[in-house]
């Protein structure tokens, strides 16, 4: 492409990009632009060119260096989650998850299996972001082997740019064919609706630059139109709540709630079990295994009290309680799991979630905060999230605290009558209570659909608080012991 | 204190704490509770007791482990800044900055000097938080040497708690007197209005627990009342803008703006200097020195263009541009510097702030977003912030891009006439322009009061964009070279 032809197109392209950015500002989705490609294909140049064309206020460029210890101590995808742009903004990834996967440079069949596992993870990561509305544009800059050699020589011969070329670059030229096969494997595994790869010929830098901009612009236009249609299609009247998987509801309803436990017997057993819990939690910490507790349950089922008992057995320096209430601005502008990823503990530490990501299939399902397609999709998303934790070695303990409707009423009345408990009650509690039957169905589905081998649900009969607390401590001990192979 | 007397007081204390939390929720300040004390004085117990008394949804407990590499690679106070609670919430520090300072265990006079420097830093940290309205409550739990010995023995003899005692604890018993002197030195250096220490006798755990709660409650009540008075006293009519330090304004006005530089001459020099900048930036990176660029200037003075030129010389993976616009929810709920601390780069990396913390003494001063006492105090706060960066080895480059009022008008008109520049203009730009004379005064004060040895202001004549860009590149090179001793 001649310089003249290129420059003739620039004003239009730049104006279109700027219009895109202005439209994006008020859009309810983020743009994720991934720029991959072979060495010397000009990934950095494209990023810098885009930097020049776009308003820098609306986007950010990310590249990934060696993982930091804070990153290494968390599941592999945590470092990417933390950089994801909020709705209305764009992030350009010069390198990123794909580059990191390619950087593993797998050779043995074992390494290739790990590589494929990482690709599966990436594909899931992009797939769920796309499903939640993110616009993901991935371009792969191609360069033939001889063109790459010529480009490397050209950069190296100019004293102003020679520093860019490292021995690594020449190595990738020698390994060109193997790396090309690997890149193809990567692209094939991560190519999907909502996150397709676009191959762009990078031999001519000018047409390369324009091609990247064109892909971005056309995908953006299509996405905006599709979004408009989706918003129009939403709306929908409130539907009757029907179980997806009735087995869960049956399991819930068959739980015997009225276990007895005297105060004296409780205190004796509790101290014994708290001592044991303390021991196993410390053992987990020594092995750098993290523990995540998830507490869900009816209002007034005793989540707070149970958390306090657990906390009694743990060094205050090792755990954090994350009360899950209304999300902040920044949280609302991200994928709904982002706010939970934020608090995933470092190796050997503990996060206790007081309510959790399960809000997606409970309150958000029932109150219509999530569309039907969204909460139905969420079961798998939650399972995958916990799988990522588990694969990293995090021990995930999930408790549903179950009380009868009568018992809840007694506790609500007690709260209203007790000065220092009164603040715990609000109109919402009574509102939720009126939807008891619907919640039962949603809880049943949750239990049936998200009780996995790596993160099983524990149903706790909680009409008797002592029994419930003891049960939680016992079950926690046992699950941690099993996870540690004790 | 007898168990009976203790239990008789509990309901009142708990009710008061809960009332406090409810009031706090809608208050415009955070509560920072620091719990320090000698070994075995029960810091952890107090934290756990408070955990039981308070609603866990309203606060978080922090303790600090070994700094992570992300923390080590930033100024010392960064790790504390990132944990600070937003308005309406409380954080309990079981350990924290004081404990970390004490953990240095200084012995030689050099170590003691470092210790004192850290204390000065802490005192400043707390002082500025207090000045911005935070309620800081610091308690120090005391225990005599013999009481400490008895407590250690008691904990060690109980099999359920014996694990808590390490050889370190017995060492601190042997070093009791020296550590007591050190702690006193620490408390004296960090005791100030707004952040006083409260000494609490920890020999009797029950009265210790109540004493901590009482201090917290009474400080909270006083703070709420003072806040109410301060809010009533604010208001105030808009005042005439008068220079604090006219030398700055004179310096600004004496800047000759119409430097000439032909396109050909510019391009030749630019390429030479960009190559040099690239080299020095890489040299800084190799020495793990970070660079922070701060761009301030009139609207349309060419900040964006200057940033792009700089970016041309730097590897895209090494820098981030932070456009500073309206703060987010989470940012608004913190000290005004928190949002800038968030983006302080890791060792060897670069952050370019497109507008910056100087908004405090420019737009916030002139628009009344900051009260007079606030923006007047800010000059020193900004200097101290930059000093913290500089002391950590960060190279701070500050540019004020200066254009004449006529030149700005030309550019505004050009922007409005050019399709892809139009989005850059809004009503605010014209509004700010009408306040040109006031801004000149504020800029003059800023230059006079925040041009320091560690972070000098560079005034750039920017009527000629080529001249301005080249000047910025040159000055950046030279300042980085000087900092590196090249």
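Every number here is computed from the coordinates shown, using simple stated rules; none is lab data. Source: prediction; values computed, not measured. A quick note on method: Cβ atoms are made from the backbone with ideal geometry, for glycine too, and the neighbour counts reach across all protein chains shown.
Remarks
- Virtual paramagnetic centre 7 Å along Cα→Cβ of residue A:189, amide N under 13 Å, in the stretch A:65-88: none
- Most tightly packed first, judged by the mean number of other beta-carbon atoms within 10 Å of their residues, the peptides A:42-49, A:313-320, B:16-23 read A:42-49, A:313-320, B:16-23.
- Each of the peptides B:186-195, A:251-260, B:468-477 was scored by the mean count of other Cβ atoms within 10 Å over its residues; in descending order, highest first, they stand as B:468-477, B:186-195, A:251-260.
- Cα convex hull volume per residue for the stretch A:1-132 (Å³): 136
- Across peptide A:300-312, the mean count of Cβ atoms from other chains lying within 10 Å of each residue's own Cβ comes to 2.
- With R₀ set to 30 Å, the beta-carbon distance separating residue A:253 from residue B:26 gives a calculated FRET efficiency near 0.15.
- For the listed peptides B:394-403, B:409-418, a ranking on the average number of other beta carbons within 10 Å per residue, highest first, reads B:394-403, B:409-418.
- The mean number of partner chain beta-carbon atoms within 10 angstrom of a residue's beta-carbon across peptide A:39-49 is 2.
- Span from the the stretch A:188-223 Cα centroid across to the the stretch A:43-63 one, whole angstrom: 15
- Divided by 2.2 N^0.38 Å, where N counts the residues, the Cα radius of gyration of the stretch A:246-484 comes to 0.99.
- Label spacing, shortest first and in nm, from residue B:485 to its equivalents in the remaining copies (7 angstrom along Cα→Cβ): 5.1
- 20 °C / 1.002 mPa s Stokes-Einstein diffusion coefficient of chain B, Kirkwood radius on C-alpha pairs, µm²/s: 84
- Estimated purely from DSSP H runs of n ≥ 4, each contributing -39500 (n - 2.57), the mean residue ellipticity at 222 nm for the protein assembly as shown is -17500 deg cm²/dmol once divided by its residues.
- Relative contact order [Cα under 8 Å, 6+ residues apart], chain B, whole percent: 19
- In the stretch B:3-233, Cα pairs under 8 Å separated by at least six residues give a relative contact order of 29 percent.
- DSSP bridge pairs, the protein assembly as shown: antiparallel proportion in percent, nearest 5: 0
- If the segment from residue A:383 to residue A:174 were pulled out straight at 0.36 nm per residue, it would be longer than the present Cα-Cα gap by 71.0 nm.
- Label point 7 Å beyond Cα of residue B:107 along Cβ direction - residues of the stretch B:165-188 with amide nitrogen under 18 Å: B:167-183
- Length available on full extension from residue B:286 to residue B:181: 0.36 nm per residue minus the Cα-Cα distance, which gives 33.6 nm.
- Inter-label distance for residue A:416 and residue A:65, nm, one decimal - labels placed 7 Å from Cα along Cα-to-Cβ: 5.9
- Relative contact order of the stretch A:246-484, pairs being alpha-carbon contacts under 8 Å that are 6 or more residues apart, as %: 37
- The eigenvalues of the Cα gyration tensor, multiplied by 5 and square-rooted, give the protein assembly as shown an equivalent ellipsoid with semi-axes of 49, 37, 28 Å from largest to smallest.
- Rounded to 5, the percent of DSSP beta bridges in the stretch B:3-233 classed as antiparallel: 5
- Within chain B, percent of DSSP bridges classed antiparallel, to nearest 5: 0
- Size-normalised alpha-carbon gyration radius of the stretch A:374-470, reference 2.2 N^0.38 Å: 1.30
- Projected label points at residue B:4 and residue B:245, each 7 Å from Cα along the beta carbon direction, are separated by 6.7 nanometres.
- Per-residue average of Cβ from other chains inside 10 Å of A:62-71: 4
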